[in-house]
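Novice: Below: one structure in structure tokens.
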Amino acid sequence: MSKLVLFGVGRGADVAYRFLSADTEHDIVGFTVDDKYRNRNELRGLPVVAFEEVERHFPPDDFRMLILLGYQGMNALRQQKYDAAKAKGYTLESYVASDFFRVEPIAVGENCFIMDNQSISLDVAIGNNVVMWSSNHVGDLTTIADHAWITSHVTLAAGVTVGERAFLGIGCTVSNNVAIGDDTLVGAHALIAADTAPRSVHLHGHDTIDVEARAFMRMMMAQKKL
Amino acid sequence: MSKLVLFGVGRGADVAYRFLSADTEHDIVGFTVDDKYRNRNELRGLPVVAFEEVERHFPPDDFRMLILLGYQGMNALRQQKYDAAKAKGYTLESYVASDFFRVEPIAVGENCFIMDNQSISLDVAIGNNVVMWSSNHVGDLTTIADHAWITSHVTLAAGVTVGERAFLGIGCTVSNNVAIGDDTLVGAHALIAADTAPRSVHLHGHDTIDVEARAFMRMMMAQKKL
Amino acid sequence: MSKLVLFGVGRGADVAYRFLSADTEHDIVGFTVDDKYRNRNELRGLPVVAFEEVERHFPPDDFRMLILLGYQGMNALRQQKYDAAKAKGYTLESYVASDFFRVEPIAVGENCFIMDNQSISLDVAIGNNVVMWSSNHVGDLTTIADHAWITSHVTLAAGVTVGERAFLGIGCTVSNNVAIGDDTLVGAHALIAADTAPRSVHLHGHDTIDVEARAFMRMMMAQKKL
């Protein structure tokens, strides 16, 4: 059980608050956000303090932090805030939903947010700041690097490696022993049967798209398709 | 706990009986079906009464009803029987399997039948008379309208809306913020990345099929493909 | 609770040991493998005996066996060892993970290994020596024949039959009432909407591939794609 500060005042913090309240014993003590986005002093009856001075209110020796932000910028914003909190000396808490079956404890780094109904096979290693939404399968001997985002109903076969900041869209499938490159964007329902290059984009029914992943994500998010 | 009358004497009623017996405290007191289909007076040791006079045997003030029928006619038959039972004054019971994780109670209307192993994210609204078979994912802020049928291993991303009587085939995937029109038929394993028109048909590996959904379903069911 | 001998000294036996230790009350007493592969006398503190004389150490009247091998040769090796253990008089133990929801007991034969997070509908029959990795859906009235291998996130609609030694790759989908032939290989993320011929190969985005399934699997395994 940790005394916990949540980063943000938007949807991510709201989702984190509701999952942690229902499914953990953590004591959530407040929220923090960059002062320019701090549009309120209180949220759910708890203080909202400026990230610039969060350590004055909640010293890193006594409090932990959890940051759940969106994937915009191919997870660059999430990485930046993660790095900033580490630089302030915080230990970041990970959440792994309690509901799903595990033969052995799951190896996860800091600040992961791993939601319900996963199947995670044996000898899987999950880095720091990884988000996994619901109902994914992670096969044996798979490695997921820092800052990756795995949506829902994603299937990773055995021996897969997922690169840093990669984004795996809903219902996509990755074959045995494939290496997903750093910053790769895999679209919804795509099948990835061969290694992918860094920053590449892969969509269902298309050959590899000749566009850089961050630019593609920006366009898709502007259209609310991601 | 309700005293419950099940509609039907076929497979749907059988499935409902077995799920409810194993997974709820409801007291199933009998079955009812249109008199012309009433080929027996007893089922599983319980009376089978004519739907035309069900309220005489099981008055709506004391008994509830649950109707689990197939999706034929693009769910029109299910809607018709639902409306008829409501017109008789019944409250219709919903079943939501007990096994899967939920952070908060799930908002469902009447006469839903939601089976095992779902992942249903936050702020989802499910209407009346919705069937969800097993292992679906329903993303954040999704709305499912009355009389829809969602099969199994369906993935709905966030902010999806599913129209009335829509049918979503096994293993299909719907992208963020897509609106599935009323009476849309989505085939097995299809990806839906844009809004669909009412009564349209969408199949894996095809552009939209130029046929009306109810006619397509009739043909597929005649071939036992659905 | 059985006194149990595990076949093998490799990955399969390791996975079986870890699942059985964590999720069953069985008493694992030793390992056995063909003498030419017996590169050690002890594994996890337990004896490793030659399969040729296993019945001397662990008589079939007192001990059961469980064999978890890979799918090489389109499951022919697994079948061969299964048959050899039966010929020695062993009863083979099946493992079905404890975690997932079941309305009624699941009908499985001997030496099945059925892992976590499945949804298995009503009136399903599973033969002998069937492996199911994680998070599959098996629809109503489906039959899975002996020696089949179902990977993960596979969706079988209702009334499907899966032939002997068939291999169903990750994330594949099989439509209602389809018969998968003996020794059929279905690739990752493929949709199977019609019956398949024995020994045929079916890949996502391709028509049926004109190659025999066992040769195709050998090539894919050599490239570590399966």
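Novice: Please state which one of C:N117, C:N176 is open to solvent by 10 Å² or more (accessible area, probe 1.4 Å) and at negative phi.
Specialist: None of the others qualify; the one that does is C:N176.
Novice: How many residues, within the range B:3-44, are polar (S, T, N, Q), at pLDDT 95 or above and either assigned to a loop (DSSP other than H, G, I, E, B) or crowded, with 18+ Cβ neighbours inside 10 Å (or both)?
Specialist: Result for the range B:3-44: 3.
Novice: Determine which single condition A:D34 fails, assuming it passes every other condition in (1) touching a residue at least 24 places away in the same chain (Cβ under 8 Å); (2) in contact with a helix residue (DSSP H, G or I) (Cβ under 7 Å, 6 or more places away or on another chain).
Specialist: Every listed condition holds for A:D34 apart from (1).
Novice: Here's a follow-up. Filter the range C:193-212 down to the residues that are open to solvent by less than 80 Å² (accessible area, probe 1.4 Å) and under 21 Å from C:H153 (Cβ atoms) and list them by number.
Specialist: Answer for the range C:193-212, where residues must be open to solvent by less than 80 Å² (accessible area, probe 1.4 Å) and under 21 Å from C:H153 (Cβ atoms): C:A193, C:T196, C:V201, C:H202, C:L203, C:H204, C:G205.
Novice: Out of (1) surrounded by fewer than 22 Cβ atoms within 10 Å (Cβ to Cβ); (2) within 14 Å of chain C (Cβ to nearest Cβ), the odd one out for A:G171 is which?
Specialist: (1)
Novice: When the residues of the range C:45-59 are narrowed to those that are touching an Asp or Glu at 6+ places or on another chain (Cβ under 9 Å) and open to solvent by 60 Å² or more (accessible area, probe 1.4 Å), which ends up nearest to C:A84 (Cα to Cα)?
Specialist: In this case the residue turns out to be C:E52.
Novice: Then there's this: Return the residues of the range A:70-81 that are part of a helix (DSSP H, G or I), among the aliphatic types (A, V, I, L, M) and in contact with a Lys or Arg (Cβ under 8 Å, 6 or more places away or on another chain); say none if nothing qualifies.
Specialist: Selection gives A:A76 alone.
Novice: Continuing with the same structure: So which of C:I67, C:I106 is touching a Lys or Arg at 6+ places or on another chain (Cβ under 8 Å) and modelled with pLDDT of 95 or more?
Specialist: C:I67
Novice: Pick out the one residue from B:D183, B:D210, B:D146, B:D140 that is in contact with a helix residue (DSSP H, G or I) (Cβ under 7 Å, 6 or more places away or on another chain) and among the acidic types (D, E).
Specialist: B:D183
Novice: Related question: Is it the case, given these coordinates, that B:A97 is more than 14 Å from chain C (Cβ to nearest Cβ) and open to solvent by less than 50 Å² (accessible area, probe 1.4 Å)?
Specialist: no
Novice: Tally the residues that are buried (at least 22 other Cβ atoms within 10 Å of the Cβ), within 13 Å of chain C (Cβ to nearest Cβ) and in a loop (DSSP other than H, G, I, E, B), restricting the search to the range A:125-148.
Specialist: Qualifying residue count for the region: 5.
Novice: So B:L226 fits all but one of (1) at pLDDT 95 or above; (2) crowded, with 21+ Cβ neighbours inside 10 Å; what number is the exception?
Specialist: The single condition B:L226 does not satisfy is (1).
Novice: For the range A:187-216, give me the residue count where each residue is within 12 Å of another protein chain (Cβ to nearest Cβ), within 13 Å of A:F167 (Cβ to Cβ) and in contact with a Leu (Cβ under 8 Å, 6 or more places away or on another chain).
Specialist: 3
Novice: Of all residues in the range A:60-81, which are surrounded by 20 or more Cβ atoms within 10 Å (Cβ to Cβ), within 30 Å of A:G187 (Cβ to Cβ) and hydrophobic (A, V, I, L, M, F, W, C)?
Specialist: Of everything in the range A:60-81, those that are surrounded by 20 or more Cβ atoms within 10 Å (Cβ to Cβ), within 30 Å of A:G187 (Cβ to Cβ) and hydrophobic (A, V, I, L, M, F, W, C) turn out to be A:L66, A:I67, A:L68, A:L69, A:M74.
Novice: Would you check if B:A190 is open to solvent by less than 10 Å² (accessible area, probe 1.4 Å) and of a type in the set (G, A, S)?
Specialist: Taking the combined requirement at face value, the residue satisfies it.
Novice: Could you tell me which numbered condition A:D183 fails, if it satisfies all but one of (1) open to solvent by 50 Å² or more (accessible area, probe 1.4 Å); (2) farther than 30 Å from C:F19 by Cβ; (3) assigned to a loop (DSSP other than H, G, I, E, B)?
Specialist: The failed condition is (1).
Novice: Just to be sure, is A:A158 among the hydrophobic types (A, V, I, L, M, F, W, C), within 13 Å of chain C (Cβ to nearest Cβ) and open to solvent by 30 Å² or more (accessible area, probe 1.4 Å)?
Specialist: Against the criterion (among the hydrophobic types (A, V, I, L, M, F, W, C), within 13 Å of chain C (Cβ to nearest Cβ) and open to solvent by 30 Å² or more (accessible area, probe 1.4 Å)), A:A158 qualifies.
Novice: Now for a separate question. Can you name the condition, by its number, that B:E25 falls short on among (1) more than 14 Å from chain A (Cβ to nearest Cβ); (2) under 30 Å from B:A158 (Cα atoms)?
Specialist: With (1) more than 14 Å from chain A (Cβ to nearest Cβ); (2) under 30 Å from B:A158 (Cα atoms) applied to B:E25, the lone miss is (2).
Novice: Suppose we keep only residues that are out of contact with any Lys or Arg (no Cβ under 6 Å at 6 or more places or on another chain) and surrounded by fewer than 22 Cβ atoms within 10 Å (Cβ to Cβ) within the range A:82-94. Which one would you say is nearest to the other protein chains (Cβ to nearest Cβ)?
Specialist: Residue satisfying both the conditions and the ranking: A:S94.
Novice: Is it the case, given these coordinates, that A:S152 is open to solvent by less than 10 Å² (accessible area, probe 1.4 Å) and either at pLDDT 95 or above or at the interface with another protein chain (Cβ under 9 Å from one of its Cβ atoms) (or both)?
Specialist: Yes; evaluated as a whole, the condition is true for this residue.
The values are calculated or read from the model by the stated rules, or taken from the named source; none is laboratory data. No experiment lies behind these values; they were computed from the predicted model shown. With ideal geometry, Cβ positions are generated from the backbone for all residues, glycine too; neighbour counts draw on all protein chains shown. The area values use the complete protein model at the heavy-atom level, side chains included, leaving out ligands, DNA and RNA. Shrake-Rupley method; radii C 1.70, N 1.55, O 1.52, S 1.80 Å.
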